[in-house]
Amino acid sequence: MLPVKKRKPLAEINVVPYIDVMLVLLIIFMVTAPLLMQGVKVDLPQAPSSPLDHTDEEPLVVSIKADGSYYINLGQKGDEQKSLESIIDQVGKILRQKPQTPVLVWGDKTIQYGLVVNLMSLLQGAGAPSVGLVTEPGTGKQ
């Protein structure tokens, strides 16, 4: 009987294909990254803001119509016009009881951008942990 030669298993990983794939991906990202950063230079209004955090709380919705009138969804009186000061006071009272309640802004597409930013800034000043913009789903082409 011939002696059986025991061979050790070879535990090598060939990393050359992985390096090739990584370099190809690096080149693709270097070429496409500048293309993703397109835009038009505009003078944006300044306002303190923070990103929208996801919570399970029912959000408050503050609306601005095209004529500049403000509304808040509170119970049965969601379609009653209110002044900006009374909305900020109401939001502040609600947020003192439930501080993690998110606040959303429904702005008419023809309203001035500065008015929306001002409203968002005032809502955050009233204690809103997050203020988000509500948009209608679509292609964005009009």
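Brief remarks on what is shown
- Hey, Gly127 modelled with pLDDT of 85 or more and in a loop (DSSP other than H, G, I, E, B) or not: yes
- Test: residue in region 84-97 that is touching a Pro at 6+ places or on another chain (Cβ under 8 Å), exposed (fewer than 15 other Cβ atoms within 10 Å of the Cβ) and at pLDDT 80 or above: no
The values are calculated or read from the model by the stated rules, or taken from the named source; none is laboratory data. None of the values given here were measured: they were computed from a predicted structure. We place every Cβ from the backbone using ideal geometry, glycine too, and count neighbours over all the protein chains shown.
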